[in-house]
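The values are calculated or read from the model by the stated rules, or taken from the named source; none is laboratory data. This structure is a prediction, so every number in the text was calculated from the model and none was measured. Reconstructed Cβ throughout: ideal geometry from the backbone, glycine too, with neighbour counts over all protein chains shown. To get the accessible areas, we keep the full protein, side chains included, count just its heavy atoms, and leave off ligands, DNA and RNA. Shrake-Rupley method; radii C 1.70, N 1.55, O 1.52, S 1.80 Å.
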Amino acid sequence: MFRAVIVSFLLCGVLWPQSSQPASTQGKPKSSSAQLAVPPSPSSARTPSRYHPARFAGRAGTHYRLLWGVESLSVKWAESGEVIRFSYRVLDADKAKTLSDKKLEPSLIDERAHVKLVVPVMDKVGKLRQTSTPEAGKTYWMLFSNRGGYVKRGDRVNVVIGNFHADGLVVD
């Protein structure tokens, strides 16, 4: 038994000089803030990504650019869901004339909710859409009335203006 006490005493003596601090900090005095500091978690240490995926990768984006002269099609849920805003950027003004034609009635169709939204007409303002002659490089918009909140964020909708069909747009 005496021998077991001596062996355990020697082992404690051997382990005692070793500390949990790295060798580079052994000569420095310990500070209480260094002991209390908690390393940041991996999720909070990440920097935000600047990558934004293309909405219409491949053929769909090429289709809208070449056939209709537009890009950056987007559908957004606005004004607490009372209106849905459809916007697009014009690349070729001649090809994009169909989208701003006053004679054509635009509609937004949500097949899941079984609704067809139209552009509302205000008494003093008129239709809530831009119908000026399109210019290359400018962004144009139109609003669809969503009274009743049938169309929700994340829904896939189709925008139809005459022969123009933009199918499968996701409402942001």
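Annotation: Leu143 fulfils all but one of (1) touching a helix residue (DSSP H, G or I) at 6+ places or on another chain (Cβ under 7 Å); (2) closer than 18 Å to Asp101 by Cβ; the unmet one is (1).
Across segment 63-79, the qualifying residues are those that are open to solvent by less than 60 Å² (accessible area, probe 1.4 Å) and part of a helix (DSSP H, G or I), and the one among them that is farthest from Asp155 (Cα to Cα) is Trp68. Each residue in segment 122-139 was checked for being part of a loop (DSSP other than H, G, I, E, B) and more than 26 Å from the chain's Cα centre (by Cα), and 8 pass.
The set of residues from segment 140-158 being part of a strand (DSSP E or B) and open to solvent by less than 60 Å² (accessible area, probe 1.4 Å) comprises Tyr140, Met142, Leu143, Phe144, Ser145, Val157, Asn158. Filtered by the rule that a residue be more than 12 Å from Tyr140 (Cβ to Cβ) and hydroxyl-bearing (Ser, Thr, Tyr), segment 66-97 gives a lone residue, Ser80. Residues in segment 80-121 that are in a strand (DSSP E or B) and either small (Gly, Ala, Ser) or under 23 Å from the mean Cα position of the chain (by Cα) (or both): Val83, Ile84, Arg85, Phe86, Ser87, Tyr88, Arg89, Val90, Ser107, Leu108, Ile109, Asp110. Sub-8 Å Cβ pairs linking a first residue in segment 117-138 that is among the basic types (Lys, Arg) to a second residue that is surrounded by 11 or more Cβ atoms within 10 Å (Cβ to Cβ) and part of a loop (DSSP other than H, G, I, E, B), at least 6 apart or interchain, are Lys127/Val119; Lys127/Pro120; Arg129/Pro106; Arg129/Val119, ordered by first then second residue. Sort out which residues of segment 159-172 are assigned to a strand (DSSP E or B) and open to solvent by 40 Å² or more (accessible area, probe 1.4 Å), and write them in order of number. Passing the criteria: His165, Asp167, Val170. If you go through segment 99-135 and keep only what is within 15 Å of Tyr88 (Cβ to Cβ) and open to solvent by less than 70 Å² (accessible area, probe 1.4 Å), you end up with Leu99, Ser100, Asp101, Leu104, Pro106, Leu108, Val119, Arg129, Gln130, Thr131, Ser132, Pro134.
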